[in-house]
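What follows draws every value from the coordinates through simple rules; no lab data is involved. Note that the structure is predicted; figures quoted are calculated from it, not measured. Backbone-built Cβ (ideal geometry, glycine too); neighbour counts: all protein chains shown.
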């Protein structure tokens, strides 16, 4: 009797698990907005997408987390991990990941955040409403400084002169003699942290990587303020080679 009960319980658990997996798969496959955006966020090897399409969300999540750890500017990996979190019913982390994609410059996330995340962008432990994040990303040019202006703009420790010295000192001198400018966009948090740097206009893989590394290694800035309160500010930095 006990063996029969155990087998019955195991079968019920298996069927329940299979049903949940099927529902999760369908919630992703039948969502036209997610599927439309997925086409633009397919990595070259497609491993993340392959795992997602098979319904293996946990493995996909693990794989994509490793991709993000190796390249924190990988918008496609963030988007796909958001899909895995959505498929597993973890709405909060799905919205965090899709917010990261927007922070990396992809305004296609406007509709997704509005549809799935109550029109909220989530950065670290902060929630930014649509009115603010659309203002932050709505008008910036790809290869120019952010047009976002707050009452008290963020400041590099020591001011512009020290920022110029920092860039000059820390920009690698490459032997190929190539000259040009890499424009790196990023967020400055209310604590002055540099978040989500990405290349808006580059010179090539090695130059772009050097510019991102330089921006990531910057010390905390004096944060920007609006009405006396520290706020997120989107900024841009030209790194000249």
Practice problem: Multiply the residue gap between residue 229 and residue 130 by 0.36 nm, knock off their C-alpha separation, and tell me the result in nm, one decimal place. | Solution: 33.8 nm
Quiz prompt | Distance in nm between pseudo-label sites at residue 160 and residue 220 (7 Å out along the Cβ direction from Cα) | solution = 2.6 nm
Exercise. Place a label point 7 angstrom from the Cα of residue 50 along the Cα-to-Cβ direction, then list the residues of region 80-94 whose backbone nitrogen is under 20 Å away.
Key: 80-85
Quiz item: At what distance in nm do the modelled label points of residue 62 and residue 32 sit from each other, each positioned 7 Å from its Cα along Cα→Cβ?
Solution: 3.6 nm
Quiz item: What is the mean projected area of the alpha carbon convex hull for region 73-130, to one decimal in square nanometres?
Solution: 3.4 nm²
Practice problem: Please give the contour-minus-distance gain from residue 178 to residue 42: 0.36 nm per residue of separation, less the Cα-Cα distance, rounded to one decimal in nm. | Solution: 45.8 nm
Quiz item: Could you state the principal axis extents of the C-alpha atoms in region 160-240, from the largest down, to the nearest angstrom?
Solution: 47, 23, 16
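Can you tell me the length gained on complete extension of the stretch residue 153 to residue 111, counting 0.36 nm per residue apart and subtracting the Cα distance? Present the calculation step by step, with values, prior to reporting the outcome.
Numbers: separation 42, 0.36 × 42 = 15.12 nm, distance 2.88 nm.
Contour length minus the Cα-Cα distance gives 12.2 nm.
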